[in-house]
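Chemist: Here you go, one structure.
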Amino acid sequence: MSDSLQLTPLHAAHVALGAKMVPFGGWDMPVQYAGILAEHLAVRQRVGLFDISHMGEFVVAGPQAEATLNRLFTNDVRKVAVGQAQYTLMCNPTGGIIDDLIVYRVEPSVFLLIVNAGNIAEDFAWIGQHAVVSNQSAQTAALALQGPQARQILDPGLAPFHVARQAVFGKTCWVTRTGYTGEDGYEILCDNADAVFLWNELLKRGATPCGLGARDTLRLEACLPLHGHDITADTTPVEAGLSRFVAFDKADFIGRDVLLRQRDHGVARKLVAFQMTGAKCPPPRQHYPILDAGRKIGEVTSGTQSPTLGCGIGLGYVEASRAAVGTTIEIEVRGKLFPAIIAKKPLYKRGT
Amino acid sequence: MSVPQNLKYAKSHEWVRAEGDIAVVGISDHAQHELTDIVYVELPQIGERVEAGKECAVVESVKAASDIYTPVTGDIVEVNEELSRTPELVNQDPYGKGWMFKVKMADLPELGELMTPSDYAAHIGE
């Protein structure tokens, strides 16, 4: 373990549970406890608990906050009422995605932002050029309780994509009905000092501890992009198929010119989901070439073996003319070609 | 983690069981535990010449692909076809049904360079 890795307040709890720890976004995080497959199924069928304290939490407040965030983000912050949440993207002037995040309006002029762990410093610097932003990440822990039985453990009375300040087992937290697994569930933001208590209370009530390995397979089945892989500062929301999170009709925002041009004139590449179709296929991985009748048309950005579908799945950019659902493609694995098909996103939808 | 006494081990966590001049090769209990949830195994071709210490197979967990190195030099005479259908045998029975390939050894003294069970147990911190 490198000296420079940061530890969440739950680090000792993970080690005590026998977790395998790995570096992720500058943090020493649990990749798995009992095993990725078992944890994945626990979330799909019951309820799992993740430490997501590595994620960044910012607060932007003040009379100009809404207008400023609406210039920084692609989605329309004005549509977010107090107590609501919205998935949005933050782009550079050329439309490249600096980060994807969820914005929560917690008071009329107070916004909470949850950003990716690996982007905390960059996001803070970028937002700081435009607004007064407070970085709460160092004192804030976060847990994600995810799965169809999450509500049997915790029922804060929240509709999907809503947030409320309330007591959880006696500790004051921000509770949100959001997640990154494709299942129903909650994210709980608390003071570092309360993290171990809440973690243990939720485990006691039957949640299965889950690591980043299952978080990755779950989000990939749900086709939720991972920044730094499926979306980057070199790819745009239009290329990534995220145009529904771009409010072209609002006032100017950073990146708008490029995104509008791409929307109206098309893009050269698109992010697609695919699944392997052969009987015995290796799982696709990042950077594997995607081919069409032997010609390279793109590259895998994320891939894994899908525990739910029982086959390899992935996301990747391909030439826009070859991006239609149903297009047969090949994935090159260690010099050999394996058949795959471009599939409708998401690859997994709950209740199906 | 189990480290059977009748096997020799490579630092890269493969085991070898010598049956005359045939070496049966698999990965250790420790290795399968570290790799976790094996979902795909790519084995060498029968007749392929393999060289001690060189990669000749791949196991894939949900998370990542890992190379498997042959501990001995020789020709591949048999591979465990069962693993293409049920790769999880490597997790369930690493020293038995989870064996990977058999090598007709070209250099028998190589076996002496492999680790003893007690050396391997120390190597993995047991």
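Chemist: With the structure loaded, tell me whether A:Y348 is surrounded by 17 or more Cβ atoms within 10 Å (Cβ to Cβ), out of contact with any strand residue (DSSP E or B) (no Cβ under 6 Å at 6 or more places or on another chain) and hydroxyl-bearing (S, T, Y) or whether it fails that test. Full working, then the answer.
Modeler: Numbers: surrounded by 17 or more Cβ atoms within 10 Å (Cβ to Cβ): yes; out of contact with any strand residue (DSSP E or B) (no Cβ under 6 Å at 6 or more places or on another chain): yes; hydroxyl-bearing (S, T, Y): yes.
The answer is yes for A:Y348.
Chemist: Would you mind stating whether A:A19 is among the small types (G, A, S), within 18 Å of A:T304 (Cβ to Cβ) and within 14 Å of chain B (Cβ to nearest Cβ)?
Modeler: On the way: among the small types (G, A, S): yes; within 18 Å of A:T304 (Cβ to Cβ): no; within 14 Å of chain B (Cβ to nearest Cβ): yes.
So A:A19 fails the test.
Chemist: If B:E88 meets every condition in (1) surrounded by fewer than 18 Cβ atoms within 10 Å (Cβ to Cβ); (2) more than 11 Å from every other protein chain (Cβ to nearest Cβ) apart from one, which number is that one?
Modeler: Only one criterion in (1) surrounded by fewer than 18 Cβ atoms within 10 Å (Cβ to Cβ); (2) more than 11 Å from every other protein chain (Cβ to nearest Cβ) is unmet by B:E88, namely (2).
Chemist: Give the residues of the stretch A:53-67 that are buried (at least 22 other Cβ atoms within 10 Å of the Cβ) and either assigned to a loop (DSSP other than H, G, I, E, B) or within 14 Å of another protein chain (Cβ to nearest Cβ) (or both), sorted by residue number. Please lay out each step first, then the result.
Modeler: Here is the first cut: in the stretch A:53-67, the residues buried (at least 22 other Cβ atoms within 10 Å of the Cβ) are A:53-58, A:60.
Residues satisfying the conditions are A:S53, A:H54, A:M55.
Chemist: Among the strands (runs of 3 or more DSSP E) confined wholly to the stretch B:32-126, which include 1 or more residues that are more than 30 Å from A:E221 (Cβ to Cβ) and within 12 Å of the chain's Cα centre (by Cα)? So that I can check it myself, show each step before the final result.
Modeler: Working: elements: B:38-42, B:55-61, B:65-69, B:74-79, B:101-105.
By residue number, B:55-61, B:65-69, B:74-79, B:101-105.
Residues checked against (1) in contact with a Cys (Cβ under 7 Å, 6 or more places away or on another chain); (2) outside the structural domain of A:N200 (by TED's automatic domain parsing); (3) surrounded by 15 or more Cβ atoms within 10 Å (Cβ to Cβ):
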{"residue": "A:G96", "(1), (2), (3)": "no, yes, yes"}
{"residue": "A:I102", "(1), (2), (3)": "no, yes, yes"}
{"residue": "A:L113", "(1), (2), (3)": "no, yes, yes"}
{"residue": "A:G157", "(1), (2), (3)": "no, no, no"}
{"residue": "A:P160", "(1), (2), (3)": "no, no, no"}
{"residue": "A:A164", "(1), (2), (3)": "no, no, yes"}
{"residue": "A:V168", "(1), (2), (3)": "no, no, yes"}
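Chemist: Still on this structure: I'd like the full set of residues that are crowded, with 16+ Cβ neighbours inside 10 Å, touching a Leu at 6+ places or on another chain (Cβ under 8 Å) and part of a loop (DSSP other than H, G, I, E, B), limited to the stretch A:274-307.
Modeler: A:S306, A:P307
Chemist: Quick check on A:G179: is it closer than 19 Å to A:Q166 by Cβ and away from every other protein chain (no Cβ under 14 Å)?
Modeler: yes
Chemist: Scan the stretch A:111-132 residue by residue and report those that are closer than 20 Å to A:R78 by Cα and out of contact with any helix residue (DSSP H, G or I) (no Cβ under 7 Å at 6 or more places or on another chain). Full working, then the answer.
Modeler: So the first thing to find is which residues in the stretch A:111-132 are closer than 20 Å to A:R78 by Cα, and the list is A:111-115, A:127, A:130-132.
Those that are closer than 20 Å to A:R78 by Cα and out of contact with any helix residue (DSSP H, G or I) (no Cβ under 7 Å at 6 or more places or on another chain): A:L112, A:L113, A:I114, A:V132.
Chemist: Can you find, within the stretch B:65-85, the residue that is farthest from A:Q305 (Cα to Cα) among those that are within 11 Å of chain A (Cβ to nearest Cβ) and of a type in the set (A, V, I, L, M)?
Modeler: Top of the filtered list is B:L83.
Chemist: What's the total number of residues in the stretch B:46-64 that are within 12 Å of chain A (Cβ to nearest Cβ) and surrounded by fewer than 16 Cβ atoms within 10 Å (Cβ to Cβ)?
Modeler: Matching residues across the stretch B:46-64 total 2.
Chemist: Here's another thing I want to ask about it. Consider A:A240 carefully, then state whether it is of a type in the set (A, V, I, L, M), under 18 Å from the mean Cα position of the chain (by Cα), crowded, with 19+ Cβ neighbours inside 10 Å and part of a strand (DSSP E or B).
Modeler: Numbers: of a type in the set (A, V, I, L, M): yes; under 18 Å from the mean Cα position of the chain (by Cα): yes; crowded, with 19+ Cβ neighbours inside 10 Å: yes; part of a strand (DSSP E or B): no.
Criteria not met by A:A240.
Chemist: Could you identify the single residue in A:L41, A:L72 that is of a type outside the set (G, A, S) and within 14 Å of chain B (Cβ to nearest Cβ)?
Modeler: A:L41
Chemist: Go through the stretch B:20-45 and report how many residues are touching a residue at least 60 places away in the same chain (Cβ under 8 Å), under 15 Å from B:M100 (Cβ atoms) and within 14 Å of another protein chain (Cβ to nearest Cβ). Step through it out loud before you land on a result.
Modeler: In the first step, residues of the stretch B:20-45 are kept if they are touching a residue at least 60 places away in the same chain (Cβ under 8 Å); the result is B:21-32.
Then keep just the ones that are under 15 Å from B:M100 (Cβ atoms); that gives B:22-29, B:31-32.
Applying the additional criterion that residues be within 14 Å of another protein chain (Cβ to nearest Cβ) yields B:31-32.
The total comes to 2.
Chemist: Now for a separate question. Would you confirm whether any residue within the stretch A:308-322 is within 11 Å of another protein chain (Cβ to nearest Cβ) and free of Cβ contacts under 8 Å to residues at least 24 places away in the same chain?
Modeler: Among the residues of the stretch A:308-322, at least one is within 11 Å of another protein chain (Cβ to nearest Cβ) and free of Cβ contacts under 8 Å to residues at least 24 places away in the same chain, which makes the answer yes.
Chemist: If you don't mind, there's one more thing I want to ask. Is there a residue in the stretch A:28-40 that is touching a residue at least 12 places away in the same chain (Cβ under 8 Å), assigned to a loop (DSSP other than H, G, I, E, B) and β-branched (V, I, T)?
Modeler: The answer is no; no qualifying residue exists.
Chemist: Considering each of B:V77, B:V59 in turn, give the residue that is in contact with a Phe, Trp or Tyr (Cβ under 8 Å, 6 or more places away or on another chain), in contact (Cβ under 8 Å) with a residue 12 or more places away in the chain and not polar (S, T, N, Q). Spell out the reasoning first.
Modeler: Values: B:V77 fails: in contact with a Phe, Trp or Tyr (Cβ under 8 Å, 6 or more places away or on another chain).
The unique qualifying residue is B:V59.
Chemist: Given A:Q32, A:Q45, which one is polar (S, T, N, Q), surrounded by fewer than 20 Cβ atoms within 10 Å (Cβ to Cβ) and over 30 Å from A:G255 (Cβ atoms)?
Modeler: Step by step, each of A:Q32, A:Q45 is checked, and only A:Q45 is polar (S, T, N, Q), surrounded by fewer than 20 Cβ atoms within 10 Å (Cβ to Cβ) and over 30 Å from A:G255 (Cβ atoms).
The values are calculated or read from the model by the stated rules, or taken from the named source; none is laboratory data. Predicted model, so just to flag it, every value in this text is computed and none were measured. Neighbour counts are summed over all protein chains in view; Cβ atoms, including those assigned to glycine, are modelled from backbone coordinates with ideal geometry.
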